[in-house]
Amino acid sequence: MESPSWASYAAAWLATLALLLLSRHLRRRKANLPPGPKPWPIIGNLNLIGSLPHRSIHELSKKYGPIMHLRFGSFPVVVGSSVEMAKAFLKTHDVAFANRPKIAAGKYTTYNYSDITWSPYGPYWRQARRMCLLELFSAKRLESYEYIRREEMNALLRGLYESSANVVTLKDHLSTVSLNVISRMVLGKKYTDESEVSIVSPEEFKKMLDELFLLSGVLNIGDSIPWIDFLDLQGYIKRMKALSKKFDRFLEHVLDEHIAKKKDGKDDAAKDMVDVLLDLADDPTLDVKLERHGVKAFTQDLIAGGTESSAVTVEWAISELLRKPEIFKKATEELDTVIGRDRWVEEKDIVNLPFINAIAKETMRLHPVAPMLVPRLAREDCNIEGYDILKGTRVLVNVWTIGRDPKLWDNPDEFCPERFIGKDIDVKGHDYELLPFGAGRRMCPGYSLGLKVIQSSLANLLHGFTWKLPGNMEKEDLDMDEIFGLSTPKKIPLDAVVEPRLPQHVYSV
Ligand code: HEM
């Protein structure tokens, strides 16, 4: 018998491929997708997304409803914009949506998805979360670092005191304190200290972190239209590669130092998070081996997650308060009553400061650091409220819209911390109307640390200083626009003038 020719093989192969494509097409056509605007060929609905994607998507969901189907280039995207949808994606079907899309930022800036944020759902990521829970963010470990947070807070307050009557750019001070806190907790010291024979200056390092957050959140066209990815039309890939080189140089140096210290058997009592990660990397019983690039990726995640988000939130809080002097007054009344004028606020005081807590929550309602959380990816076909969400769909939960839902909040655009007084709403992922840290399996593992830094910086900034806008600037003139990245900071950083409001001896801490 004559053996089949290459032509019959090719024909059989093409027929199979055609059948597969056809069945996928039919499955998609048959699917009852959520409502959404009609997509254009190639670009899908990208033409409808402006430079502030959460705002564009907010407007679209007003038209199409709380579950909406979009296309970013060739990728289906579903957006949930109500409490019910947030619950469906992050609780009821959490495990079906626990993956992350493989976007360029994860590939180029986090060692090919080896960090916690961008690693796919699976044993590696599960192990990472276990490490966070048991080792890195355990209540005991966080408590053991309290002295670091106190020392750095004191340095911030001293710095502001020394700048009294001058114009200060608040975010610079806040980023310094959070970078110092996180560096000492994660890396064991301030690697960026001016006094160190430092591998990178603090200013340069902060710029690297800003760039990392921006590039992790931008809408990179190649992530939506993969066949033009190589053109790198917006230049983001080039920036990601350059940035990852800078971070790698820094992280290599950090790891080398830690390994040398470990070999010398020095300093075993005061372990930082990199020490913990290196111990885990040496642990033969781990389910999945943690490699050197994994330790670097985790370390970078911890520094980035811990530095930018709290500074951004506190800057928004003070900006909102500068527009509402009556809230400022109420906050200082609470501080004077509960703390008194003779000392600073400590972390243990926070539970006794409901109004300060309410200001923090109200800030996170109106200015969530990640307005659409970090995108998730459907691991399987799923049905939500009668709509089909197909495997491979990217899922965004628009907490920015939920925070402004008039069905949930009276006068939703108004900054009004009182709305939280006497209410049992917290930010820990149980109350779906307020999700600044997300919820479910992919929820922020650093939320308790983030909250501590936000609450105590905010409380002390209000306790220790009066705040004014510079020159003749009126509160109505204060710009409240944001820029979009993985975090959403103020577009124009807040400049303000501070004056001490406590007796002088309190400032000599
Ligand atoms: C103000 C403080 C913070 C805010 C508002 C914040 C917010 C968030 C949000 C919204 C997510 C995505 C959740 C989701 O997809 O459902 C996230 C994830 C994450 N955050 Fe935070 N975060 C903060 C502080 C921190 C800190 C202090 C760290 C670490 C030191 C951290 C590390 C991470 C990591 C590693 C993830 C990825 C989790 C995963 O994919 O499994 N964050 N954060």
Next item on the list: Could you grab me the full set of residues in region 431-466 that are touching a Phe, Trp or Tyr at 6+ places or on another chain (Cβ under 9 Å) and of a type in the set (V, I, T)?
Entry: T466
Notebook entry, point to check: What residue, of K262, K289, K296, is crowded, with 23+ Cβ neighbours inside 10 Å and over 23 Å from L494 (Cβ atoms)?
Noted result: K296
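I'd like to check which helices (runs of 4 or more DSSP H) are fully inside region 62-151 and have at least 1 residues that are in contact with a Phe, Trp or Tyr (Cβ under 8 Å, 6 or more places away or on another chain) and within 12 Å of the ligand (Cβ to nearest atom).
It comes to 83-87, 104-109, 123-131.
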Next item on the list: Under 6 Å between Cβ atoms, at least 6 apart or on separate chains: pull out the pairs that start in region 140-152 with a residue that is under 14 Å from V345 (Cβ atoms) and end on any residue that is surrounded by 14 or more Cβ atoms within 10 Å (Cβ to Cβ).
Entry: R149/V181
Next item on the list: Of the conditions (1) within 12 Å of the ligand (Cβ to nearest atom); (2) at pLDDT 95 or above, V369 clears all except one; give me its number.
Entry: (2)
Next item on the list: Kindly establish whether R55 is under 29 Å from E252 (Cα atoms) and basic (K, R).
Entry: no
Checklist line | Residue list for region 295-318, restricted to those being within 10 Å of the ligand (Cβ to nearest atom), of a type outside the set (G, A, S) and either touching a strand residue (DSSP E or B) at 6+ places or on another chain (Cβ under 8 Å) or within 15 Å of S175 (Cβ to Cβ) (or both) | finding: I303, T307, E308, V312, T313, V314
Notebook entry, point to check: What tally of residues in region 152-175 results from selecting those that are assigned to a helix (DSSP H, G or I) and either over 14 Å from I303 (Cβ atoms) or in contact with a Cys (Cβ under 9 Å, 6 or more places away or on another chain) (or both)?
Noted result: 16
Item checked: Exclusive hit being among the acidic types (D, E) and either touching a Pro at 6+ places or on another chain (Cβ under 9 Å) or at pLDDT below 95 (or both), set E59, E84 -> E84
Note to self: When you scan region 321-344, do you find a residue that is touching a Ser or Thr at 6+ places or on another chain (Cβ under 8 Å) and modelled with pLDDT of 95 or more, even just one?
What the structure shows: no
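The values are calculated or read from the model by the stated rules, or taken from the named source; none is laboratory data. Given the structure is predicted, the values throughout are model-derived calculations rather than measurements. Using ideal geometry, Cβ is built from the backbone for each residue, glycine included, and neighbour counts are taken over all protein chains shown.
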